[in-house]
Amino acid sequence: MKIDLHIHTKTGSDGAMDVREVLAEAKKRGIELMSVTDHDAISHQAETKKMAKAMDIHYILGVELNVTAALNNKSVSLDFLGYMYNPENAALKEKIRLVQEHREARAHKIIDNLNAEFKKESRPLFDDSDLQKILDTVDGVLGRPHIANYLIQKGVVANRQEAFDKYLVKCDVPKYPLPPEEAAELIRGAGGRIILAHPNDPHGTSLAAITKDLAEQTDIIEKNLLPYIDGIECWHSRADAATSAHYMEFCKKHRKIMTGGSDCHQKPILMGTVKVPEWVGRQFH
């Protein structure tokens, strides 16, 4: 069985393909068990599950939540994956609404910060029409990648990496402050399970921001995060064999769920390329 439990779409967040296109691609690639885990977006999940069922694809409801944790005297951003929750849960729906509102306000502030940089460079400033053009490209949840794409379109930068390196890291505004314990309460309260995503991702939101030593990472989890997670994403497109093996052993030790996925945003299309063991699916029965 081919499994991918970490996929993004433009219907819900920052993927390049909408839900229908993602499901069609998953079917073409022989994926039999999957989950769309868009950032802070759940309104399309029930319909996605129906569409997947019609295509004979086993589907697990998913979402990715960004959390802010105080670790080693440092405020660290991490990603949690929620699975098998009730998308009609009132508390979860309300929190998602607040997070999405904050995302839009954050985008306005990032544009203001960009304009401050543009002034220094004697570059034309962005105005409300520019923000509207950015919003017009968003099918799901507005994020920094959408602003990066617009910077490329306007010829301000050559590519997304340059957009982040030159502007978007410097001009960033804090995300919605969701602590791990609240994220856990929300997902578990909605009947779901919560997973620490890509814990050693060298290019993403992970514990690698504190230390690249795997033993030190799991020590941090034991001391700070263990009560708030039901499992860990052991297989990921940017996880090497040593990372997967280390986190598998850690999960076995603490009787935690093990998950895996490509984290595919269709840039490029990575769906189904991460080898996730078939037994992983049985943990969700």
Per-region count, segment 124-161, residues more than 23 Å from residue 265 (Cα to Cα), of a type in the set (D, E, K, R) and not in a loop (DSSP other than H, G, I, E, B): 2
Among (1) touching a helix residue (DSSP H, G or I) at 6+ places or on another chain (Cβ under 6 Å); (2) at pLDDT 95 or above; (3) not basic (Lys, Arg), the one test that residue 94 misses: (1)
Residues being among the polar types (S, T, N, Q) and closer than 12 Å to residue 79 by Cα - total across segment 196-240: 3
Restricting segment 162-176 to residues that are of a type in the set (Lys, Arg) and part of a loop (DSSP other than H, G, I, E, B), the residue that is surrounded by the fewest Cβ atoms within 10 Å (Cβ to Cβ): 170
Residue list for segment 254-285, filter: of a type in the set (S, T, N, Q), surrounded by fewer than 21 Cβ atoms within 10 Å (Cβ to Cβ) and closer than 21 Å to residue 9 by Cβ: 266, 273
Identity of the residue in segment 71-96, of a type in the set (Gly, Ala, Ser) and in contact (Cβ under 8 Å) with a residue 12 or more places away in the chain, that ends up nearest to residue 229 (Cα to Cα): 82
Residue 191 on the phi > 0 side of the Ramachandran plot and not aromatic (Phe, Trp, Tyr): yes
Exclusive hit being surrounded by 15 or more Cβ atoms within 10 Å (Cβ to Cβ), polar (S, T, N, Q) and touching a helix residue (DSSP H, G or I) at 6+ places or on another chain (Cβ under 9 Å), set 37, 68: 68
Candidate set from segment 75-91 (those that are surrounded by fewer than 19 Cβ atoms within 10 Å (Cβ to Cβ) and either out of contact with any helix residue (DSSP H, G or I) (no Cβ under 8 Å at 6 or more places or on another chain) or acidic (Asp, Glu) (or both)); member that is nearest to residue 15 (Cα to Cα): 88
Residues located in segment 82-123, provided they are of a type in the set (A, V, I, L, M) and part of a helix (DSSP H, G or I): 90, 91, 92, 96, 98, 99, 105, 107, 110, 111, 114, 116
Which numbered condition residue 285 misses (of (1) under 20 Å from the mean Cα position of the chain (by Cα); (2) under 29 Å from residue 23 (Cβ atoms); (3) not hydroxyl-bearing (Ser, Thr, Tyr)): (1)
Qualifying residue in segment 186-203 (condition: within 14 Å of the chain's Cα centre (by Cα) and among the acidic types (Asp, Glu)): yes
Cross-chain or 6+ apart pairs with Cβ under 7 Å, segment 204-216 first and in contact (Cβ under 8 Å) with a residue 12 or more places away in the chain and farther than 21 Å from residue 39 by Cα, then surrounded by fewer than 16 Cβ atoms within 10 Å (Cβ to Cβ) and charged (D, E, K, R): 210/74
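Every residue, every condition in (1) part of a helix (DSSP H, G or I); (2) among the aliphatic types (A, V, I, L, M); (3) in contact (Cβ under 8 Å) with a residue 60 or more places away in the chain; (4) within 27 Å of residue 177 (Cα to Cα), yes or no:
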{"position": "5", "(1), (2), (3), (4)": "no, yes, yes, yes"}
{"position": "24", "(1), (2), (3), (4)": "yes, yes, no, no"}
{"position": "27", "(1), (2), (3), (4)": "yes, no, no, no"}
{"position": "33", "(1), (2), (3), (4)": "no, yes, yes, no"}
{"position": "42", "(1), (2), (3), (4)": "no, yes, no, yes"}
{"position": "53", "(1), (2), (3), (4)": "yes, no, no, no"}
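Each row is one residue, and each column tells you yes or no for (1) within 30 Å of residue 160 (Cβ to Cβ); (2) in the same structural domain as residue 59 (by TED's automatic domain parsing); (3) of a type in the set (Val, Ile, Thr); (4) touching a Ser or Thr at 6+ places or on another chain (Cβ under 8 Å).
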{"position": "234", "(1), (2), (3), (4)": "yes, yes, no, yes"}
{"position": "239", "(1), (2), (3), (4)": "yes, yes, no, no"}
{"position": "247", "(1), (2), (3), (4)": "yes, yes, no, yes"}
{"position": "250", "(1), (2), (3), (4)": "no, yes, no, yes"}
{"position": "253", "(1), (2), (3), (4)": "no, yes, no, no"}
{"position": "256", "(1), (2), (3), (4)": "no, yes, no, no"}
{"position": "267", "(1), (2), (3), (4)": "yes, yes, no, no"}
{"position": "280", "(1), (2), (3), (4)": "no, yes, yes, yes"}
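The values are calculated or read from the model by the stated rules, or taken from the named source; none is laboratory data. These numbers were taken from a predicted model, which means no experiment stands behind them. Heads up, the Cβs are rebuilt from the backbone with ideal geometry, glycines too, and the neighbour counts pull from every protein chain shown.
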